[in-house]
Amino acid sequence: QVQLVESGGGLVQAGGSLRLSCAVSGSRFGTDFMGWYRRAPEKQREFVATITRGGETNYADSVKGRFTISGDDAKNTAYLQMNSLKPEDTAIYYCIVDVRGANYWGQGTQVTVSS
């Protein structure tokens, strides 16, 4: 069974940085892509970033130039480096992975940016 364990969330001041991690276990086939979504209070979940098995990345316009997604195939882990954080980045961040066409979600990790 595929399981995702997220870590790295927390409280940070505006302008600060955090790095989220998403460790994937239970997949014999690796992942086809890994990514992050987020849900701010009273808002719908929104796309943040993805990275494919081949290393192609994609970002939401709101985080381009500030966030960097990367992957470690050996550890089956994805990372989201978040710099220049803004209060509007406050949300629960969810990791998603695709394994042979099936999506799996993490439990979420809270990121709070104070002004």
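The values are calculated or read from the model by the stated rules, or taken from the named source; none is laboratory data. Only a predicted model underlies this, so the values are computations on that prediction, with no experimental measurement involved. Counting neighbours? That spans all protein chains shown, and the Cβs are built from the backbone with ideal geometry, glycine included. To get the accessible areas, we keep the full protein, side chains included, count just its heavy atoms, and leave off ligands, DNA and RNA. Shrake-Rupley method; radii C 1.70, N 1.55, O 1.52, S 1.80 Å.
Extending 7 Å from the Cα toward the beta-carbon at both Lys86 and Thr52 defines two label points whose distance is 2.9 nm. Rolling a 1.4 angstrom probe over the protein heavy atoms with all chains in place gives the chain an accessible area of 55 Å² per residue. For the chain, a Gaussian network of Cα nodes joined below 10 Å ranks Asp72, Asp98, Asp32 by mean-square fluctuation, and the top entry is Asp72.
Of all the accessible heavy-atom surface of segment 1-114, with the other protein chains kept in place and a 1.4 Å probe, what percent is carbon and sulfur?
On segment 1-114, the fraction of accessible area on carbon and sulfur atoms equals 44 percent.
Each Cα pair under 8 Å and six or more residues apart adds its sequence gap; the mean of these over the residue count of the chain is a relative contact order of 36 percent.
Here's the picture: a label point sits 7 Å out from the Cα of Val2 along the beta-carbon direction, and within segment 86-115 the residues with their amide nitrogen under 14 Å of it are 95-107. Computed on protein heavy atoms with a 1.4 Å probe, the accessible areas place Lys64, Lys86, Lys43 in the order Lys43, Lys64, Lys86, largest first. Mind telling me which of Ala40, Ala49, Ala78 comes out most flexible in a GNM of the chain, alpha-carbon contacts under 10 Å? Evaluated over the chain, the most mobile residue of the options is Ala40. Coupling constants for segment 97-106 follow from the phi torsions by the Karplus curve (6.51 cos²θ - 1.76 cosθ + 1.60, θ = phi - 60°), and in residue order they are 10, 10, 10, 6, x, 9, 9, 10, 10, x Hz; glycine and proline get x. Listed by chain and number, the aspartates and glutamates whose C-alpha is less than 19 Å from the C-alpha of Lys64, apart from same-chain residues fewer than 8 away, are Glu46, Glu56, Glu88, Asp89. Rounded to the nearest 20 debye, the dipole size of the chain about its Cα centre is 80 debye, using +1 on the Cβ of Lys and Arg and -1 on the Cβ of Asp and Glu.
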